Structures are given as C-alpha cells and as structure tokens.
Amino acid sequence: MRIILVTGKGGVGKTTVSAATALRAADLGHRTLVMSTDPAHSLADAFGCRLGDDPTPVVPNLDAQQIDSQQRLEESWGDVRDHLTELFDWSGLKGIEAEELTVFPGMDELFSLASVRDHARSDEYDLIVVDCAPTAETLRLLSLPEVMSWYMDKMFPLSRRVVKVVRPVLSKMSSMPVADDAVFDAVARFYERLDGIRELLSDPEITTARLVMNPEKMVIAEARRTYTYLGLFGYGVDSAIVNRVLPDSVTDPYFDRWREIQEGHLETVADGFTGTDIRTLRLFDEEMVGVELLRVVAEELYGDDDPTDRLSAIDPLRIEDETDSQDVALVLSVPLAEKGDVDVMRHDDELFVTIGPYRRSLVLPDSLKRRRIRRAKLDAGELRVIFTLEDR
C-alpha cells in the first residue's frame, strides 16, 4: 500500500502532477485512486470528466474522487455544532457570526484525511494519490490529528467528568446550555474518525509527500519552508518537482533573460533539496488536460520509473545511540531549518519542537522518559536532541 501526498503553493500545477502520477500508476497495473482534498477542486477539469464525492472510474485501474468535506463535516460534527449554536444564541451572538464560530478553521478539510484512511483500510487500492490543498492549508491539515489526540487523551475525560458534576447545579442557577452525553459522544465519534490517520501518514514506508513548485523565487521559498515543516511533523518528502521550466526548443532571444533567471532558481532548488529526488517538467505550449495529454506529462515526469516507488531515501524521525557514550539521540529531519528558527523545550514526558510559526509536541518513548536532555544541535538538516542518564 502506498500513499502519495502532492502539495505546493496554489497555482503551481499540483493537480496536473497528481492526475499524471495516478494515471501512470494505473497504466502500470496498480489499482489507483486519486482524490482531491483541495476545497477548490480542479481534478475533474484535469481529466475532463465529471467527478463527485464517491470514487468514479476514469480509465482501467484508476478511480478519481473530489471529497465533499462539507457533507462529511455535517455528518460527524452536527451534534456539537448544534450545541455550540445554542450556546452562542444564549450568549446573544446570533446569525452568520454564530454559525461561523461553530466550525473551526481546517475542520472540514480534516475529514478528507479520514477518507484517505478509510480507503487505505479497504484494500481496494494499491496506491492513493492525494491532491492536497495549497501548502499552508496542508500543513495545518496534517498537524490536526496530533493536536486533537493531545486534547482527547488529556482534557476530554476530565471535561466530561466535570460537566456531569456541574450540570445539575448550573441547570438550577442558570439557563446556559450545558453539553450533555450526546454532545460528548459526538466528539468521541469525531475523534474515532481520526484514529490511525497520524500513524498512517507519518509512516515513510507507506506515505511520502511530493512538493510541486515553479522556478520562481517566492514559490521556491514557500516550497523550502514546507519541506522543513513537513519534516518537523514527521512526514517524509521523496521528491521535489519543478514545473513550467522553459524547454530548450524555445530559442527566441526575448526569453533569454527569463531562461537565465530560471537557471538560477534551478540551482537554488538543487542546493536546497540536496539528497531529495528532483524532477522537472517543461512549460508546455497548451493546457495539459484530458487523459492523453496527462500521459504526456507522466512520461516526461517519470520516464521509465514507477511513480509508486519511493524516489529518495526518507527517515524523518529516529532514535539512535551516541558513539562512545550511553547517551541517546532523538533525530528529527528538519531540512533547511536555520538555528535561529529552532527552539526545543521539554515539559514532563513531552518534547516541544518549534520551527518558525509551527510547533510539534512529541510524547517521549519510555526509553527517554527517565533521561534528561543534555543538549540539542542542528546539523546538516537534522535536529539532534541528546538525552543522558547522567545527573550533570
């Protein structure tokens, strides 16, 4: 089973890459599903056919799906939303403002991840290609299961017990709506939908991400940040794809300066993604939509390679012994991170790693809980947090 997450800044061509990747895999005999989690779906436009919330056959071995995340949200969050609406109504907040506050940012996209997990468990497909939302939304989306897991493990049981105690008292003293068991059951069902997603998507043997970018300064900078943050959350990137590169067939002097700029950007990509598979797609002279033209894209992108293969080695998180000591290192892949952007803090049995605006909480394994942090260092795209048994 393989899952490939295709992401990038909006408008770089990630949907085309997703569709071409899935089509090549299907042509090679792999049972393939390509699904869009981007709220602004364009997968149907890429294939030139109608797609809906259920998998739809496109060619032999290939199904495509555009997730209706709003419908999934309604099914799983309805009871909680109704309670929050009632609570806001009691507080005096009504109308569209109250409705907007009952759904948290990114929650609708979260149900797309649950659909990925469901398809992976069904054993109907050998490969699932996910056409993700633009990078910022994807990062938020991929971190949500971990954040929700922390809440459910530590706060949810306590909240439920407290509400049971105070509900009778509050009902006599105030008309404020208090969550009942139906609301807590709905939250529990919501969390169950997320169960296993984190483990599935962070397993580099199953899931890898492919970053799509254009040879443009701001786009490459965004891709480099995404590369770092995906490593922070334990998601491996096995390929960087540069789309819309001027082909050699373009010889008009008008494009000489443009070609020079692109060459400089390609050097930046080569330096920034060292050790990662890098591929390019030329700037085509027409829109590459429809099955036949997508096959042309796939041929140029993959050649004789099988897109289901891991295109470069990935090991985003590991624990290893330090040489010549009894210390142990927790090693986190954070390519392109700068020392000034990284902060490491431990609280009880959790390790908090912050890079830029993103923060990750790692529950330490038993082997590290009884050790203390001696130091942390950033070297060659890896953050090494050294744990020791010594008192000093």
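Residue by residue, here is whether (1) of a type in the set (V, I, T); (2) in a helix (DSSP H, G or I) holds:
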| position | (1), (2) |
| --- | --- |
| R244 | no, no |
| V250 | yes, no |
| Y254 | no, yes |
| H265 | no, yes |
| F284 | no, no |
| E287 | no, no |
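Does any residue of the range 340-350 turn out to be at pLDDT below 95, closer than 23 Å to M213 by Cβ and not in a helix (DSSP H, G or I)? No, that holds for no residue. For A298, the criteria (1) of a type in the set (G, A, S); (2) within 15 Å of K377 (Cα to Cα); (3) buried (at least 17 other Cβ atoms within 10 Å of the Cβ) hold in every case but one, which is (2).
If you check R360 against the conditions, is it assigned to a strand (DSSP E or B) and closer than 22 Å to R198 by Cβ? Yes; evaluated as a whole, the condition is true for this residue.
Going by the structure shown, is L332 under 25 Å from A19 (Cα atoms) and either surrounded by 14 or more Cβ atoms within 10 Å (Cβ to Cβ) or not aliphatic (A, V, I, L, M) (or both)?
So L332 fails the test.
Candidates are the residues of the range 307-322 that are surrounded by 14 or more Cβ atoms within 10 Å (Cβ to Cβ) and farther than 27 Å from S18 by Cα; the one that is farthest from the chain's Cα centre (by Cα) is E322. For the range 17-38, give me each residue that is in contact with a helix residue (DSSP H, G or I) (Cβ under 6 Å, 6 or more places away or on another chain) and among the polar types (S, T, N, Q). Of everything in the range 17-38, those that are in contact with a helix residue (DSSP H, G or I) (Cβ under 6 Å, 6 or more places away or on another chain) and among the polar types (S, T, N, Q) turn out to be T32, S36, T37. Based on this model, can you work out whether S325 counts as open to solvent by less than 70 Å² (accessible area, probe 1.4 Å), part of a helix (DSSP H, G or I), farther than 30 Å from A240 by Cβ and out of contact with any helix residue (DSSP H, G or I) (no Cβ under 7 Å at 6 or more places or on another chain)? No, not satisfied.
D304 is checked against (1) surrounded by 12 or more Cβ atoms within 10 Å (Cβ to Cβ); (2) free of Cβ contacts under 8 Å to residues at least 60 places away in the same chain; (3) part of a loop (DSSP other than H, G, I, E, B) and fails just one. What number does that condition carry? Unmet for D304, out of (1) surrounded by 12 or more Cβ atoms within 10 Å (Cβ to Cβ); (2) free of Cβ contacts under 8 Å to residues at least 60 places away in the same chain; (3) part of a loop (DSSP other than H, G, I, E, B): (1).
The single condition among (1) within 24 Å of L201 (Cα to Cα); (2) in contact with a strand residue (DSSP E or B) (Cβ under 9 Å, 6 or more places away or on another chain) that I373 does not satisfy is (1). The condition of being under 30 Å from L378 (Cβ atoms), surrounded by 16 or more Cβ atoms within 10 Å (Cβ to Cβ) and out of contact with any Ser or Thr (no Cβ under 7 Å at 6 or more places or on another chain) holds for only one of G272, G356, that being G272. Evaluated against (1) touching a residue at least 40 places away in the same chain (Cβ under 8 Å); (2) surrounded by fewer than 17 Cβ atoms within 10 Å (Cβ to Cβ); (3) assigned to a helix (DSSP H, G or I), Q71 falls short on exactly one condition, (1).
Summed over the range 1-18, the residues that are in contact with a strand residue (DSSP E or B) (Cβ under 6 Å, 6 or more places away or on another chain), aliphatic (A, V, I, L, M) and closer than 20 Å to E124 by Cβ give a count of 3.
If you go through the range 363-374 and keep only what is open to solvent by less than 80 Å² (accessible area, probe 1.4 Å), at pLDDT 80 or above and not in a strand (DSSP E or B), you end up with L364, L368, K369, R371.
Condition check ((1) closer than 21 Å to D271 by Cα; (2) assigned to a strand (DSSP E or B); (3) in contact (Cβ under 8 Å) with a residue 40 or more places away in the chain; (4) among the charged types (D, E, K, R)) across all residues:
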position	(1), (2), (3), (4)
A298	no, no, yes, no
D309	no, no, no, yes
D315	yes, no, yes, yes
L336	yes, no, yes, no
A376	no, yes, no, no
R384	no, yes, yes, yes
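Quick one: is L232 under 18 Å from D131 (Cβ atoms), modelled with pLDDT under 90 and of a type in the set (A, V, I, L, M)? So L232 fails the test.
The values are calculated or read from the model by the stated rules, or taken from the named source; none is laboratory data. All values reported here derive from a predicted model rather than from experimental measurement. Note that each Cβ is placed from the backbone with ideal geometry, even for glycine, and that neighbours are counted across all protein chains shown. Side chains are part of the model used for accessible areas, which takes the heavy atoms of the whole protein and leaves out ligands, DNA and RNA. Shrake-Rupley method; radii C 1.70, N 1.55, O 1.52, S 1.80 Å.
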